[in-house]
Amino acid sequence: MNDLLILPIIFPLLTAILSLMFRKQLNIQRIFGLIGTAASLGSTLFIFHIVHSEGIQVLQLGNWPAPFGITFVADLFSSIMLILASLTGFLVLIYAISSIDPQKQRRGFYPLYQFLLMGVSGAFLTGDIFNLYVWFEVMLISSFVLLVLGGDRSQMEGAVKYVSLNLFSSILFLVGAGILYGKTGTLNMADLSFKLAQEPESALINSTAVLFFIAFGIKAAVFPLFFWLPDSYHTPAAAISALFAGLLTKVGVYAIIRTFSLIFVKNQDFFLTVLLILSGLTMLSGVLGAASQNDIRKILSFHIISQIGYMIMGMAFFTPLALAGTIFYIIHHIIVKTNLFLISGVVRSIYGTEQLSEIGGLYKKYPLLSILFAIPAFSLAGIPPLSGFFAKFSLIWAGMNIQQYLLVAISMLVGILTLYSMTKIWSEAFWKEKLTESASPVMETARKYRPAMILPIALFAILTLCIGLFAEPIFQLASQAAAQVLNPGEYIYHVLGIQ
Amino acid sequence: MEFMYALLASVLFAAGIYSILRRSLVKLLIGIILLSQSANLYIFIAGGLTPASPPLIQESNQALIQPYADPLPQALILTAIVISFGVVAFFLVLLKRVYQVVQTDDLDDLRGTD
């Protein structure tokens, strides 16, 4: 039964290998890609079903008993993340097939896409700190290539920043894993948690925690380590940046939550305070950065940062309600943010640009697209009854409960500024009359977008509505997941079999 | 012995940091290489240095007896070396492409080319 946990890794791997075998035939690669991502979506749903009904599932790879081999663990939190990853992978692939230039697709887009998904799933599943490093690298190297696919001049600046900062963070992570192994003699996360709980607090462990914190902070784009993100996310093809926007930073957030709730629990107060301060600064710098931008995808990139701030804030409060809010926020954010990036790609394919000053009049010409934009945009800003409202509400409520009024005030302010950014895009791109003669020549080449690009956008929008309308059961689920995260004993028991 | 290794690792780390703070693209790459070498060396030291005692079970014994060299850090380092090899190879190609399309080796000149 537990062997199922390997499926979200195996499906992308197989698909990637098969795609490599048919390098020249794009159509075969597309079919394999669709089947592969659909299969992993099915497997993650099934894993979630089992985890939900039977509790945490553990797979000891190669049948090596727990602290010695590599362990895969699926608790509720990681199985929710798995579903989101494979769902995003599936829907974005539909969009990518019809939107990415076939020349770029030929340069290994499909295999890399699958390797990226494999890395993300692996990072969510693994229960071994070094294995986490390996999955991070699998994910990173495929994202490096996807980011510069095509090799245009505009992609270079962001790519250099993205690659060098992420490599630096991986090195810090590796050093941290090395110290942990030297100190405890184990790499298994449950075993680390168990052993470190018995050790006295030491400078070595605390400095390791800082290394991990910086490493994951860079990957999650936390203040002041976010500079690579807004410089790189607006340059690749829309489908690729949508996938990055939805998944990659959330892997960093997942790693922060996992390590600081499970492994480094000794000196938690200090780190939670640091997180608290950083979360406020992350929210503010993200949203203020967005306010000064004039390019749709750049605005959205900066909003990723401000939203990461919300998630980190919930982690920093570290109450069951706040953590449930964080998990709910991640669910909401992945779906909404991916969708907004996909829509920006449609706008780009219509006008050839995403500069707000050069586009306009979309509402008259494309009413369906406008509605589909309005749903995720206002959900991002937190308008009820859309999903973002409940996500923000639960975090703010959690903050009120523990008297963190300053953070609550900041997050409300950030909510208002998010609304400002979204209405800016709405009024500039959709409501404003299209400038006629004076505008740039790219507008002459205005094309129609393909209907297949609208399908995933519509599905994401429906999901956003559903999360908003059925917020209660999803919040219940997030609460259960948060309860598991807050109780490392259960995790340790399932992995090691000790209380 | 361990002190010398630790010194070497820290010198490599410092040199790596110094290099990535330079403006040249090639020095950035060299810095990343030095840093990853330093990280590998660090794992090696953190795992404990046990000279001249291979992790092999003697014929007369059933299990390993102390002291023996821990093989796991070496396995980790091997993995890390392979990964950094791949990543550096990619980075090298990326830098070549950057130089081709932007015609500069200076990171400051990259600003605003997107």
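The values are calculated or read from the model by the stated rules, or taken from the named source; none is laboratory data. Everything numeric here is computed off the predicted structure, so don't read it as measured data. Quick reminder, even Gly has a Cβ in these numbers, built from the backbone with ideal geometry, and neighbours come from all protein chains shown. In case anyone asks, the SASA skips ligands and DNA or RNA and just uses the protein heavy atoms, side chains included. Shrake-Rupley method; radii C 1.70, N 1.55, O 1.52, S 1.80 Å.
Considering the stretch A:132-145 alone, what residues qualify as being open to solvent by 20 Å² or more (accessible area, probe 1.4 Å) and either more than 10 Å from chain B (Cβ to nearest Cβ) or closer than 17 Å to B:Thr79 by Cα (or both)? Before you say what the answer is, go through the steps one by one.
Kept after step one, since they are open to solvent by 20 Å² or more (accessible area, probe 1.4 Å), are these residues of the stretch A:132-145: A:134-135, A:138, A:141, A:145.
Hits for the stretch A:132-145 are A:Val134, A:Trp135, A:Val138, A:Ile141.
Matching residues to (1) open to solvent by 50 Å² or more (accessible area, probe 1.4 Å); (2) acidic (Asp, Glu); (3) touching a residue at least 60 places away in the same chain (Cβ under 8 Å); (4) closer than 25 Å to A:Ala481 by Cα:
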| position | (1), (2), (3), (4) |
| --- | --- |
| A:Phe22 | yes, no, no, no |
| A:Phe48 | no, no, no, yes |
| A:Val51 | no, no, no, yes |
| A:Ser78 | no, no, yes, yes |
| A:Ala96 | no, no, yes, no |
| A:Pro102 | yes, no, yes, no |
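List the helices (runs of 4 or more DSSP H) that sit entirely inside the stretch A:80-174 and contain at least 2 residues that are closer than 30 Å to B:Arg23 by Cβ. Give the derivation first.
Numbers: elements: A:102-106, A:109-125, A:129-147.
The helices (runs of 4 or more DSSP H) meeting that bar are A:129-147.
List the residue pairs whose Cβ atoms are under 8 Å apart, where the first residue sits in the stretch A:366-377 and is within 17 Å of A:Ile467 (Cα to Cα), the second is among the hydroxyl-bearing types (Ser, Thr, Tyr), and the two are 6 or more positions apart or on different chains.
These pairs meet every condition: A:Ile375/A:Thr464; A:Pro376/A:Thr464.
Quick test of your reading of the structure: B:Tyr68 fulfils all but one of (1) outside any loop (DSSP other than H, G, I, E, B); (2) open to solvent by 50 Å² or more (accessible area, probe 1.4 Å); (3) more than 7 Å from every other protein chain (Cβ to nearest Cβ). Name the failing condition by number.
Failing condition for B:Tyr68: (1).
At least 3 residues that are within 14 Å of chain B (Cβ to nearest Cβ) in each: list the helices (runs of 4 or more DSSP H) lying fully within the stretch A:226-301 that qualify.
A:228-232
Give me the residue from the stretch A:172-198 that is at the interface with another protein chain (Cβ under 9 Å from one of its Cβ atoms) and open to solvent by 10 Å² or more (accessible area, probe 1.4 Å) and, out of that set, nearest to B:Leu49 (Cα to Cα).
A:Gly182
Here is a list: A:Ala66, A:Ala123, A:Ala96, A:Ala74. Which entry is within 16 Å of the chain's Cα centre (by Cα) and either modelled with pLDDT of 95 or more or away from every other protein chain (no Cβ under 14 Å) (or both)? Even if it seems obvious, please write down each step before you answer.
Numbers: A:Ala66 fails: within 16 Å of the chain's Cα centre (by Cα); A:Ala96 fails: within 16 Å of the chain's Cα centre (by Cα); A:Ala74 fails: within 16 Å of the chain's Cα centre (by Cα).
After applying the criteria, what remains is A:Ala123.
Based on this model, can you work out whether A:Lys266 counts as touching a helix residue (DSSP H, G or I) at 6+ places or on another chain (Cβ under 7 Å), of a type in the set (D, E, K, R) and surrounded by fewer than 24 Cβ atoms within 10 Å (Cβ to Cβ)?
Yes: the conditions hold for A:Lys266.
Of B:Leu78, B:Leu56, B:Leu92, which residue is more than 9 Å from chain A (Cβ to nearest Cβ), more than 25 Å from the chain's Cα centre (by Cα) and open to solvent by 70 Å² or more (accessible area, probe 1.4 Å)?
Testing whether each residue is more than 9 Å from chain A (Cβ to nearest Cβ), more than 25 Å from the chain's Cα centre (by Cα) and open to solvent by 70 Å² or more (accessible area, probe 1.4 Å) leaves just B:Leu56.
Please verify whether the stretch A:146-166 includes one or more residues that are over 30 Å from A:Phe48 (Cα atoms), of a type in the set (A, V, I, L, M), open to solvent by 10 Å² or more (accessible area, probe 1.4 Å) and within 19 Å of the chain's Cα centre (by Cα).
Taking every residue of the stretch A:146-166 in turn, at least one turns out to be over 30 Å from A:Phe48 (Cα atoms), of a type in the set (A, V, I, L, M), open to solvent by 10 Å² or more (accessible area, probe 1.4 Å) and within 19 Å of the chain's Cα centre (by Cα).
Cβ-Cβ distance below 6 Å, separation of 6 or more or different chains: which pairs start in the stretch A:348-363 with a residue that is over 21 Å from A:Ala239 (Cα atoms) and end on one that is open to solvent by 10 Å² or more (accessible area, probe 1.4 Å) and part of a helix (DSSP H, G or I)?
Going by the 6 Å Cβ cut-off, the qualifying pairs are A:Tyr363/A:Trp431.
Filter the stretch A:199-234 for residues that are among the polar types (S, T, N, Q), open to solvent by less than 30 Å² (accessible area, probe 1.4 Å) and either within 15 Å of the chain's Cα centre (by Cα) or modelled with pLDDT of 85 or more (or both) and give the result.
Within the stretch A:199-234, the first condition is being among the polar types (S, T, N, Q), and the residues that meet it are A:202, A:206-208, A:232.
Narrowing further to those that are open to solvent by less than 30 Å² (accessible area, probe 1.4 Å): A:202, A:208, A:232.
Within the stretch A:199-234, A:Thr208, A:Ser232 qualify.
Name the residue, out of B:Leu35, B:Leu41, that is in a helix (DSSP H, G or I) and within 19 Å of B:Leu72 (Cα to Cα).
Matching residue, one of B:Leu35, B:Leu41: B:Leu41.
Quick one: which residue in A:Ile308, A:Ile350 is over 26 Å from A:Leu486 (Cβ atoms) and not in a loop (DSSP other than H, G, I, E, B)? Show your work before the answer.
On the way: A:Ile308 fails: over 26 Å from A:Leu486 (Cβ atoms).
Just a single option satisfies the conditions, and that option is A:Ile350.
Being facing chain A (nearest Cβ under 8 Å) and closer than 25 Å to A:Leu146 by Cβ is the requirement here; does B:Ile45 meet it?
no
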